[in-house]
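Written below as structure tokens is the structure these notes are about.
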Amino acid sequence: MISDYLISGKNKTPFKPKSVDQMPHSLSGLSYKEWRDARKKNHKWRNIRWSVLLFMNLLFVASFVLDLSVLEGSLSGSRLIGFYLMDPYNSLQLLAISSTTGYIAMLTMNFWIGFITILLFWFIFGGRGFCSWMCPYHILAEWAEKLHNYLIKKKKIKEHHYNTALRFIFFVGFILLAVLTKNLVFENLNMVGIISKSLIYGPSLLLLWVLAVILFEVFVSKRFWCRYVCPIGTTYSFVGKLSPLSIKFDLDKCGYCLECQKVCLVPHELWFVQRGKATQNVHYAGSDCTRYGLCVDVCPGNALTYAVRGASSLT
Ligand code: SF4
Ligand code: SF4
């Protein structure tokens with residue numbers, strides 16, 4: 001339905017929470033614990049996603065090392081079988097610099113092709129889908145998060161949360177810095193570019209910056225860079241606002257266990273899974289969702305699935 005694209009349902013009156021008789025574990029004749037533990041070791045989507053991510057990043061490496069002309073360049077700017085692809089935030093900075101210096105007409109056709117193609121591709125495939133299916137930093141941050149969660153569980157450290165609106169300040173701030181300095185300043189801090197180029201062309205000193213951020217995420221605040229800073233993720237979040245590919249929630253199958261929110265990078269996008277919060281039988285995760293599918297893996301009731309909005313589920 002077209003309303004699925006436009007209405008999150010957040011401002012509507014919530015449904016009453018389901019009674020015990022209506023809960024999925026009761027309907028399937030299981031105890032709550034048996035039902036909840038059923039999917040604990042399911043890693044289907046995580047394994048598929050990691051395979052895609054590693055394959056794509058290794059394809060860059062193989063293309064360079066073996067001189068294959070398949071996927072040349074890096075995740076900051078590349079050519080796929082001769083077809084240009086641009087990092088969208090990189091492109092926005094270039095646009096900002098060239099439009100304030102009067103050189104916008106000098107931007108090449110390949111720039112525009114690369115910029116528009118990547119926007120269209122990631123619009124179809126879920127905006128921040130780039131983060132979890134392509135970005136090499138994401139996989140490092142996932143492992144750092146495991147360590148962070150272990151230290152929290154052992155009460156060695158405390159979690160620190162910040163305001164997620166911080167990333168809009170960074171988004172605008174780095175554009176302004178680019179305009180003021182006429183340089184792509186963010187590129188010196190960009191996890192995606194640093195790791196991608198280091199994998200392809202060999203390690204650089206900038207990896208020390210990556211290490212520092214990872215350590216901060218392990219000991220202070222999990223997923224700090226992706227949640228509060230990275231303007232590339234924010235750009236893809238804008239791109240994914242009306243994306244057809246999303247995570248679909250089916251209230252009938254939900255048992256309010258909250259396992260999905262525990263594993264989610266952006267749990268605010270799953271607000272409707274909490275008891276008494278859903279306002280529709282079907283909700284879709286919002287544009288900050290990276291479509292990384294851990295929630296789909298862990299959901300004991302199969303209430304979360306990959307889906308094309310308004311059409312049937314894919315899983
Ligand atoms: S937010 Fe940035 S660093 Fe994090 S996964 Fe997305 S693109 Fe990569
Ligand atoms: S959608 Fe979330 S809260 Fe509901 S059953 Fe699945 S994991 Fe539990």
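The angle separating the long axis of helix 136-153 from the principal Cα axis of greatest extent in the chain is about 40 degrees.
Find which of PHE64, LEU245, LEU166 sits farthest along the positive direction of the dipole of the chain, computed with +1 on the beta-carbon of Lys and Arg, -1 on that of Asp and Glu, about the Cα centre. The residue sitting farthest along the positive end of the dipole is LEU166. For the chain, a simple Cβ point-charge model (Lys and Arg +1, Asp and Glu -1, everything else neutral) yields a dipole of about 1120 debye relative to the Cα centre. The calculated 222 nm mean residue ellipticity attributable to helices in the chain amounts to -14000 deg cm²/dmol, summing -39500 (n - 2.57) over DSSP H runs of n ≥ 4 and dividing by all residues.
Among the chymotrypsin sites (Phe, Trp or Tyr not before Pro) in segment 131-186, those located in a DSSP loop and surrounded by at most 15 other Cβ atoms within 10 Å of their own Cβ are TYR162.
Each of LEU80, VAL298, ILE118 was placed along the dipole of the chain (beta-carbon charges, centred on the mean Cα), and the one lying farthest toward the positive end is VAL298.
The string of couplings for segment 17-32 from the Karplus curve (6.51, -1.76, 1.60, θ = phi - 60°) is x, 6, 7, 4, 4, 8, 6, x, 5, 5, 5, 9, x, 10, 6, 4 Hz, one whole number per residue in order, with x for Gly and Pro. Cross-link reach is defined here as a Cα-Cα straight distance under 14 Å, omitting same-chain residues fewer than 8 places apart; for LYS262 the aspartates and glutamates meeting it are GLU142, GLU145, GLU159, ASP297. Taking trypsin sites (Lys or Arg not before Pro) as exposed when DSSP calls them loop and at most 15 other C-beta atoms lie within 10 angstrom, the chain has its longest site-free stretch at 42-153. Taking amide H positions as modeled 1.01 Å from N, with prolines and chain starts lacking one, no residue 5 or more places away or on another chain lies under 5 Å from ARG291. For segment 81-238, the dipole from Cβ point charges (+1 on Lys and Arg, -1 on Asp and Glu) about the Cα centre works out to 680 debye, to the nearest 20. When restricted to Cα atoms, segment 81-238 yields an Rg and a Dmax of 17.0, 58 Å, respectively.
Taking amide H positions as modeled 1.01 Å from N, with prolines and chain starts lacking one, the residues under 5 Å from GLY77 and 5 or more places away or on another chain are ASP87.
Candidates LEU30, VAL263, ASN183 compared by Cα position along the dipole of the chain: farthest toward the positive end lies LEU30, with charges placed on Cβ.
Residue by residue, segment 228-241 carries 3J(HN,Hα) couplings of 10, 10, 4, x, 5, x, 5, 4, 5, 5, 4, 4, x, 3 Hz when phi is fed to the Karplus relation 6.51 cos²θ - 1.76 cosθ + 1.60 (θ = phi - 60°); x denotes Gly or Pro. Helix 166-181 versus the longest principal axis of the chain: what is the Cα-based angle in degrees, 0 to 90, to the nearest 10? Between helix and principal axis, roughly 10 degrees. The equivalent ellipsoid that matches the C-alpha gyration tensor of the chain spans semi-axes of 36, 22, 19 angstrom, in descending order.
Label sites at THR164 and ILE104, each approximated as a point 7 angstrom past Cα along Cα to Cβ, lie 3.2 nm apart. A simple rule links phi to the HN-Hα coupling: the Karplus curve 6.51 cos²θ - 1.76 cosθ + 1.60 with θ = phi - 60°, which for segment 249-261 gives 10, 10, 4, 4, 9, 8, x, 6, 7, 6, 4, 5, 5 Hz, with x for Gly and Pro. Put simply, the amide H of LEU71, placed in the peptide plane, has neighbours under 5 Å in SER63, ILE81, leaving out anything fewer than 5 places away on its chain. So how tilted is helix 207-219 from the main axis of the chain? Cα-based, degrees 0 to 90, rounded to 10. Helix 207-219 sits roughly 20 degrees off the main axis of the chain.
FYI, it's all coordinate maths here, none of it is from the lab. This one's a predicted model, so the numbers in the text were calculated from it and none came from an experiment. FYI the Cβ positions are ideal-geometry reconstructions off the backbone, even for glycines, and counts take in every protein chain you see.
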